[in-house]
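Written below as structure tokens is the structure these notes are about.
Just so you know, all these numbers are worked out from the coordinates, no wet-lab data involved. All values derive from a computational prediction rather than experimental measurement. Heads up, the Cβs are rebuilt from the backbone with ideal geometry, glycines too, and the neighbour counts pull from every protein chain shown.
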Amino acid sequence: MSRAKSDYTPPARDGVSPSTVALPHGAWATVLDFLCERIPAIARADWQQRMLQGDVLDAQGAALPPDAPYRAHTKVFYWRALPFEHAVPFQESIVFQDDYLLVADKPHFLPVTPKGRYVKETLLVRLKRQTGIDTLVPMHRIDRETAGLVAFTIQPATRHAYQRMFSDKVVRKVYEAIAPVRADLDLPLVRRSRLAESDRFMAMHEVPGEPNAETAIELLSLRDGLGHYRLKPVTGQKHQLRAHMNALGIPIVNDQIYPELWPALPPDVPPDFSRPLQLLAKTLAFTDPITGQERHFESRLRLNWRDD
């Protein structure tokens, strides 16, 4: 069965998918005129050069020359110029893969999906390049600083069924963390609170109101004033584990946001790869909505802690 033209998307290049722009009704003479007006951050000369290089395609995947006439109610694809990225010197690995599902171990410092200045050095792009599967879409997210398991769907037709598991809170997630120990803190405990964005850049904080975040916290072992914790989030608020641990007075080791935001590094300075956030997405478990099988995945990565 052939694919409908309206559903066509060009294959990724080196793991990077193109951007898509819809062409509305308008009086532009050429596609070039439209792109220059709607995306002025790219100079006209740059758009011309991209079109000459075959980096701007029509809805059927044919390269558009600089004089291509404007046709409303269609779309164009283009590849954006990629910013400089510091290579993340840690490798992802595939924990599981079948026809519907791929589960990967993400190293610290690697974002899950492209955003801003992170494109090629992201888990999604690396996996597309490694597997050749352009239809990979993450079922959920974990922070760039966090390591561990991330699950991806492979088939567009089954994507919603898998992603809905997370919105329905039927996925059982377990994290591990290294953080200080408070002798006066009665553990294990369940932290329930309302988290909201604070005035401080990127940070979440607890506010009065109906709880929207819940985390079970257990101390597994301790050494030299630090503890090895097991964290079980019931909800999935932004920075939930980091914010809850900070609110308890035991912020996770090497957290660059809690309790204080670390100074931003200049773009030409690489991160300090020797100081990863000590937070790991250790296990994922759920009933597969497509096959009905019980799934249980465990990260092969470890935090900077060794239980003797």
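About its Cα centre, the dipole of region 83-168 is roughly 280 debye, where the only charges are +1 on Lys and Arg Cβ and -1 on Asp and Glu Cβ.
When exposed loop sites are taken as chymotrypsin sites (Phe, Trp or Tyr not before Pro) in a DSSP loop with at most 11 other Cβ atoms within 10 Å, the longest stretch of the chain clear of them is 85-200. List the trypsin sites (Lys or Arg not before Pro) within region 206-308 that fall in a DSSP loop (any state other than H, G, I, E or B) and whose Cβ has at most 16 other Cβ atoms within 10 Å. Here the sparse-neighbourhood loop sites are Lys238, Arg300, Arg302, Arg306.
Please give the net charge around Asp14, taking every other residue with its beta carbon less than 10 angstrom from that of Asp14, where Lys and Arg add +1 and Asp and Glu add -1.
Values: positive: Arg13, Lys120, Lys128, Arg129; negative: none.
So the surrounding residues net to +4.
By the rule of a C-alpha distance below 17 Å, with chain neighbours fewer than 8 residues away ignored, the aspartates and glutamates paired with Lys128 are Asp14, Glu92, Asp98, Asp99, Asp105. Annotation: average projected area of region 11-78 is 4.4 square nanometres, based on the convex hull of Cα atoms across all directions.
Selection among Leu219, Ser93, Phe166 by position relative to the dipole of the chain gives Phe166 as farthest towards the positive end (Cβ unit charges, Cα centre). Taking Cα extents along the principal axes in Å as the quantity of interest, determine which of (i) 72, 43, 33; (ii) 72, 47, 40; (iii) 72, 40, 37 was computed from the displayed structure. Computed from these coordinates, Cα extents along the principal axes in Å corresponds to label (ii).
With a cut-off of 11 Å between beta carbons, the residues surrounding Pro83 carry a summed charge of +1, where Lys and Arg count +1 and Asp and Glu -1. Electrostatic tally near Val234: other residues with Cβ closer than 13 Å to its Cβ, Lys and Arg +1, Asp and Glu -1, net +4. With neighbours defined as other Cβ atoms within 10 Å of a residue's Cβ, the residues Arg194, Arg144 order from fewest to most as Arg194, Arg144.
Averaging the Cα positions of each part gives two centres, and for region 249-304 and region 108-168 these lie 14 Å apart. Fewest neighbouring Cβ atoms within 10 Å first, the residues Asp67, Asp199, Asp255 line up as Asp199, Asp67, Asp255. If only the Cβ of Lys and Arg carry +1 and only the Cβ of Asp and Glu carry -1, the dipole of region 11-78 around its Cα centre is close to 120 debye. The magnitude of the dipole of the chain, with charges of +1 and -1 set on the Cβ of Lys/Arg and Asp/Glu and taken from the Cα centre, is near 440 debye. Rounded, prolate or oblate: pick one for region 1-118, where a ≥ b ≥ c are the square roots of the eigenvalues of its C-alpha gyration tensor, a/c under 1.5 means rounded, and failing that, prolate if a/b is larger than b/c, else oblate. Oblate.
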